[in-house]
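Data first, discussion second: the structure below is written as structure tokens.
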Amino acid sequence: MKSLRKFFLLSALGLVIFLNFASCMTTFDDDENFGSCPYILSSPRVELGENSDVCKYAGAYFTLYNKSSKEISKCTISFLLYDKDGNNPFIGSNQVTASCSKSVASESEEDFSVSLDKYLSIVPDEAYVMDFIYVRDITYSDGSHWSDPFGMYASSEAFE
């Protein structure tokens, strides 16, 4: 009876370990970009003030370079915001997730912007700091898909 119990406990532990490692993998529809990040993010920043095309009070801006051989038709970006002291500036979560439907041709770049107005309850005196920025999901024009649900390719430098 003890050996049967030990067998089930070890089997359960093995299953938990296997599922833990399996869940850490980034998912791909094809092998083209397997093991590499299909994009480069540059110039991430938060700016205060009105931008008639984006926001009234604050916006996040960045450039996305598409390293893949396919055209990006839409993507989802995720990042965290902090105040100048490194604290969460909001009552709730400081994670921002935004869908972007601007297409990006293969091996080219596009500028993106995200309004932060819906997250604000008061206009800050200084721009927030953006951190842990990454593309969570990419849909290509051919219907294929790439995702990084856990932020394995996130940049954990603080950008002002």
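For this structure, a couple of remarks:
- Checking each residue of the range 144-151 against the condition of being open to solvent by 50 Å² or more (accessible area, probe 1.4 Å) and closer than 16 Å to L41 by Cα gives no match.
- Residue in the range 28-49 that is open to solvent by 40 Å² or more (accessible area, probe 1.4 Å), closer than 14 Å to D137 by Cα and at pLDDT below 55 present: yes
- When residues of the range 65-96 are limited to those that are part of a strand (DSSP E or B) and free of Cβ contacts under 8 Å to residues at least 40 places away in the same chain, the one nearest to E109 (Cα to Cα): V96
- Residue match in the range 138-159 (condition: among the hydrophobic types (A, V, I, L, M, F, W, C), in contact with a Leu (Cβ under 7 Å, 6 or more places away or on another chain) and not in a loop (DSSP other than H, G, I, E, B)): no
The values are calculated or read from the model by the stated rules, or taken from the named source; none is laboratory data. Owing to the predicted nature of the structure, the values given are computational and were not obtained by experimental measurement. Using ideal geometry, Cβ is built from the backbone for each residue, glycine included, and neighbour counts are taken over all protein chains shown. For accessibility, only protein heavy atoms count, side chains too; no ligands or nucleic acids. Shrake-Rupley method; radii C 1.70, N 1.55, O 1.52, S 1.80 Å.
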